[in-house]
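Novice: Structure incoming, see below.
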2 protein chains.
Amino acid sequence: MSNLDESVRTVCHKARLASPALASAGDGQKNRILEAIARTLRTNKPAILEANQKDLEDAKASGYPTPMLDRLLLNEKRIDGICDSVLDLVRLQSPVGSGDRFVRPNGLVIMRTRVPLGVVGIIYEARPNVTVDTAALCLKTGNAIVLRGGKEALRSNRILVDLMRKALSEESFDPDLIGFVDATSRESALALMSCREDVDVLIPRGGKGLIRACAENAKIPLLETGAGNCHLYVDDSADLKKALAIAVNAKCQRPSVCNAIETLLVHKDVAKAFLPPFADMTESYSLELRGCPETCALLSKAVPASEEDWDTEYDAYILAVKVVSGIDEAIAHINRYSTHHSEAIVTENLAHARRFQQEIDSACVYVNASTRFTDGGEFGFGAEVGISVQKLHARGPMGLEALTTVKYLIEGDGQIRS
Amino acid sequence: MSNLDESVRTVCHKARLASPALASAGDGQKNRILEAIARTLRTNKPAILEANQKDLEDAKASGYPTPMLDRLLLNEKRIDGICDSVLDLVRLQSPVGSGDRFVRPNGLVIMRTRVPLGVVGIIYEARPNVTVDTAALCLKTGNAIVLRGGKEALRSNRILVDLMRKALSEESFDPDLIGFVDATSRESALALMSCREDVDVLIPRGGKGLIRACAENAKIPLLETGAGNCHLYVDDSADLKKALAIAVNAKCQRPSVCNAIETLLVHKDVAKAFLPPFADMTESYSLELRGCPETCALLSKAVPASEEDWDTEYDAYILAVKVVSGIDEAIAHINRYSTHHSEAIVTENLAHARRFQQEIDSACVYVNASTRFTDGGEFGFGAEVGISVQKLHARGPMGLEALTTVKYLIEGDGQIRS
């Protein structure tokens, strides 16, 4: 075993050893930890900003693009926002300890009880707020956490973790409840993905490449989040006024997020009535349109789409557009190219609405609403761990419950099986 | 891509293409398929028995041990039992379509609905009944299935699958809903474990080696079942009469199954009162005892246990026995060696009962009852897909719901996000 493997294992093992004390702590104690974290981060803003500044300078010198620099940036307002999010968790009901209870004919009492997962591993990219957000979510649900962030944010992450560990100590908890892999090589990620003994679940937070790397290499159970190649289909029976508002909102309101659409499908019979006004309405966003031949014939500003475009999550002001022969082609296209996150149909035809919801194999399937609502807050779940695009454990927006599992506690009076 | 990879992918892809028609079928149609399967198997017993006989002859010639031959064996009674299990599913309520519904302040109606997983892959070993059991469970929950069984049962599995596919055709469903990997090499299993595009979930059914191989190699989400290194701890405050009955039941009533105990831990203060009568009571089972030095000093028939014994799931009339200093050592031993399946304490001390249930990190934790109750039927779930020893998705006995996921169906009237 390499030194790196060894050191990652040590971090995970220490988190494992620290975890039972938190798992058996009450919600009040966990909330006091969260309050201490918010307080400690707020009183140490200058040190956080200094570390972040160095990360930013290196990233600029390395020629990283502006959106990435923006994701990396911390300022006073953003640190306050991070602390506010931590305090928001204090007000949420923890699922730990809840459950149901049933009695069997032989008198056995079975209690199905929500318990923490144990140790959660997080692999993520440039955004340092993920360091605090995910640690707070894990602590609120009674889990220890091991963080492995991206190389661009190493100094920012290091100080954020140091401060959170300090807050844990202040509240008389073991600082090893927050483990930090202080290395950003590919090997350090692979080492974390292999810690079967001490990490219960791995959550990758980031782009498609990261998720795929985890799916290919992880030896521990995975909660796949995020990748969103989302679609909107405008049916021939659509109310075009609704369709225009939804299409503009779903693409342009915030294109960098996973629930924004990447491909627009339009029924051939309404393409001529829908596409030119849509192009006009998105002019102010400088939206780039990549279209099929029919789209390009209708819109002079559209450029030809390639096969790759149907498969791409732009997360930018770019949209692929395809004219389709009807709902069958729309459903087939979506089920072929989608990442199974969120899709929407605009239609006034009840049968089409039903078929779309039934046959589309995605976590969230909308009728006459924007895909941008796929979000824990918008769904009313309070906090969100991410959007699950897998089918096991949790699907769609994941609230606190997704960070817990169940345990059966069975009480008897000497029952044996006959 | 090899020919084998190609052919496994084709089987999976055909199952994927067949799956939507079943997913949208009503429970009545699915039940008619199950009835057709039971009927077809019953009327073709001679052909099944003939194929099984050839498998048995080969296995005998290869010198397989008797328990394995028993697992492989089919006879008229066993085929009837398999058919009865299929018909039992008809009477169960399907979770598909159930769910809850909530309305957001902006008028969006969100329906969280149970839907099939899609295509379920099963990798299993010598028991041909698994072929029919798992196919019936998957069909009942609206899933297509791809089966890859062990080499010993290849002919038996082949005919069982052929007959089930015939039943599907008779009910006007696509026979490709039941896919069969007609190859038993390690490569064929690896090929199935890599079919990310067309298999939603993989369920390994078998021993520790198989589960471990899937965890190491699978590129698709996994439901780990089965491995059960279960423990019973007899506390110093135990009612020894209850403890004796529970210990004998948990070990000897059916030692070959995953919820039987493999290690008995006994508090030092009751070891002398408990172990000799336990040894007497298990004499009739010829139970082999492998003990720590203290155990061997108390029981002349015990042989010394090695470190490996604490780690072993015997599934046979062998039991490891260790005298411990108290509940701390018992909990530490269990959390170190357990496969996180089922553990029990016998105690009259409330604080010890609570600590044991809180601190033991296993799916089912018993107070004063036999571990043998960890079972879908005994828990009142009706059918069982297996016992999950992982924490994601489902933990403990898995009923029909574990073969489904949720999908959010959202209905709006033009809502956009502000």
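Please treat every number below as a calculation from the coordinates, not as lab data. Everything numeric here is computed off the predicted structure, so don't read it as measured data. For neighbour counting, all protein chains shown are included, and Cβ atoms are generated from backbone atoms with ideal geometry for every residue, glycine included.
Novice: If you take every DSSP beta bridge fully contained in chain A, what fraction is antiparallel? Give it as a percent rounded to 5.
Specialist: Once the DSSP bridges in chain A are tallied, antiparallel ones form about 30 percent.
Novice: Find every distance from the label point of B:Lys268 to the corresponding label point in the other copies (7 Å from Cα along Cα→Cβ) and write them in nm, one decimal, shortest first.
Specialist: Distances between equivalent label points, in nm: 8.5.
Novice: In addition: Report, as an integer, the average count of C-beta atoms from other chains found within 10 Å of each Cβ along A:368-376.
Specialist: Mean partner-chain Cβ count within 10 Å for A:368-376: 5.
Novice: Next up: How large is ³J(HN,Hα), in whole Hz, for each residue of the stretch B:61-72 in order, when computed from phi with the Karplus curve 6.51 cos²θ - 1.76 cosθ + 1.60 and θ = phi - 60°, using x for Gly and Pro?
Specialist: 4, 7, x, 5, x, 4, x, 5, 4, 5, 5, 6
Novice: Which of the listed residues, A:Val11, A:Asn217, B:Leu222, is farthest toward the dipole's positive end in the protein assembly as shown, when Lys, Arg count +1 and Asp, Glu count -1 at the beta-carbon?
Specialist: So the residue we want is B:Leu222.
Novice: Return the calculated 222 nm mean residue ellipticity for the protein assembly as shown, to the nearest 500 deg cm²/dmol, obtained by summing -39500 (n - 2.57) across DSSP H runs with n ≥ 4 and dividing by the residue count.
Specialist: -13500 deg cm²/dmol
Novice: Please compute the modelled spin-label separation between B:Asp280 and A:Asn106, points set 7 Å along Cα→Cβ, answer in nm with one decimal.
Specialist: 2.6
Novice: To continue, here is another question. Please compute the modelled spin-label separation between B:Leu17 and A:Thr184, points set 7 Å along Cα→Cβ, answer in nm with one decimal.
Specialist: Calculated label separation equals 4.7 nm.
Novice: Kirkwood Rh over Cα pairs of the stretch A:58-130 into Stokes-Einstein at 20 °C, 1.002 mPa s: D in µm²/s? Before the final figure, lay out the partial values.
Specialist: Numbers: Rh = 16.9 Å.
D = 127 µm²/s.
Novice: Placing a label point 7 Å from Cα toward Cβ, how far apart in nm is A:Phe102 from its equivalents in the other copies, listed shortest first to one decimal?
Specialist: When each copy's label point is compared with this one, the spacings are 2.4 nm.
Novice: Can you give the charge dipole size of the protein assembly as shown about its Cα centre, rounded to the nearest 20 debye, using +1 on the beta carbon of Lys and Arg and -1 on the beta carbon of Asp and Glu?
Specialist: 600
Novice: Continuing with this model, one more query. If R0 is 22 Å, what FRET efficiency do you get for B:Glu35 and B:Val257 from their C-beta distance, rounded to 0.05?
Specialist: Rounded to the nearest 0.05, the efficiency is 0.15.
Novice: Inside 10 Å of the C-beta atoms of B:214-221, what's the mean count of C-beta atoms belonging to other chains?
Specialist: Mean inter-chain Cβ contacts per residue within 10 Å come to 4.
Novice: Another one. B:Ala273 label point, 7 Å along Cα→Cβ, cut-off 12 Å on backbone N: hits in the stretch B:348-385?
Specialist: B:348
Novice: Starting from the exponent 0.38 and prefactor 2.2 Å, build the expected Rg for the stretch B:1-87 from its residue count and divide its actual Cα Rg by it. Write out the running numbers ahead of the final one.
Specialist: Working: Rg = 17.6 Å, N = 87, 2.2 N^0.38 = 12.0 Å.
Here the Cα radius of gyration is 1.46 times the empirical estimate.
Novice: Shortest first, in nm, what separates the label point of A:Gln53 from those of the same position in the other copies (7 Å along Cα→Cβ)?
Specialist: Copy-to-copy label distances for A:Gln53: 8.8 nm.
Novice: Counting Lys and Arg as +1 and Asp and Glu as -1, each charge on the Cβ, what is the dipole of the stretch B:268-387 about the Cα centre in debye, to the nearest 20?
Specialist: It works out to roughly 340 debye.
Novice: Sorted by packing (mean other beta-carbon atoms within 10 Å per residue), highest first, where do B:56-66, A:94-104, B:408-418 land?
Specialist: So the peptides B:56-66, A:94-104, B:408-418, ranked by packing, come out B:408-418, A:94-104, B:56-66.
Novice: Can I ask one more? How long is the gain from B:Arg212 to B:Ser85 if the chain were fully straight, where each residue apart is worth 0.36 nm and the alpha carbon distance is subtracted?
Specialist: Roughly 42.8 nm would be gained on extension.
Novice: Just want the answer: with Cβ charges of +1 for Lys and Arg and -1 for Asp and Glu, which residue in B:Thr339, B:Thr282, B:Cys364 is farthest toward the dipole's positive end in the stretch B:230-373?
Specialist: Positive-most Cα among the choices belongs to B:Thr282.
Novice: Hey, got a sec? Which GluC sites (Glu not before Pro) in the stretch B:177-236 land in a DSSP loop and have at most 16 other Cβ atoms within 10 Å?
Specialist: Details: sites: B:Glu187, B:Glu197, B:Glu216, B:Glu224; in loops: B:Glu197, B:Glu224.
Listed in order of number, the matching sites are B:Glu197.
Novice: Which residue in chain B puts its Cβ closest to the axis that rotates chain B onto chain A, and at what distance in whole Å?
Specialist: B:His393, 2
Novice: Nearest 5 percent is fine: what portion of the DSSP beta bridges confined to the protein assembly as shown is antiparallel?
Specialist: 30
Novice: Expressed as a rounded percentage, what relative contact order does chain B have, with Cα pairs under 8 Å and six or more residues apart? If you can, show how the numbers build up before the last one.
Specialist: Working: 836 pairs, mean separation 72.6, N = 418.
It rounds to 17 percent for chain B.
Novice: Could you work out the mean count of beta carbons from other protein chains within 10 Å of each residue's beta carbon in B:105-116?
Specialist: Taking the mean over all residues of the peptide, I get 3.
Novice: From the C-alpha gyration tensor of the stretch A:230-373, pull out the three semi-axes of the equivalent ellipsoid (sqrt of 5λ each), sorted largest to smallest, in whole Å.
Specialist: 20, 17, 15
Novice: Which log10 I(q)/I(0) values does chain A give at q = 0.07 Å⁻¹ under the Debye formula, counting every alpha carbon as one identical point scatterer?
Specialist: With one equal scatterer per Cα and no solvent, log10 I(q)/I(0) is -0.40.
Novice: Determine the relative contact order of the stretch B:230-373: mean sequence separation of Cα pairs under 8 Å and six or more apart, normalised by residue count, in whole percent. Numbers along the way, then the final one.
Specialist: Working: 279 pairs, mean separation 48.9, N = 144.
Relative CO of the stretch B:230-373 lands at 34 percent.
Novice: Separate question: Specify which residue in the list A:Leu350, B:Pro204, A:Thr263 is farthest towards the positive end of the charge dipole of the protein assembly as shown, using unit charges on the beta carbon of Lys, Arg (+1) and Asp, Glu (-1), about the Cα centre.
Specialist: Of the listed residues, the answer is A:Leu350.
Novice: For the protein assembly as shown, what is the Kirkwood estimate of the hydrodynamic radius, computed as the reciprocal of the mean inverse distance between distinct Cα atoms, to one decimal in Å?
Specialist: Averaging 1/r across every pair of different Cα atoms and inverting gives 28.8 Å.
Novice: Between B:Arg78 and A:Ser2, take the C-beta separation as r, use R0 = 45 Å, and let me know the FRET efficiency to the nearest 0.05. Walk me through the numbers before you get to the answer.
Specialist: Values: r = 51 Å, r/R0 = 1.14.
The pair B:Arg78/A:Ser2 has a calculated efficiency of 0.30.
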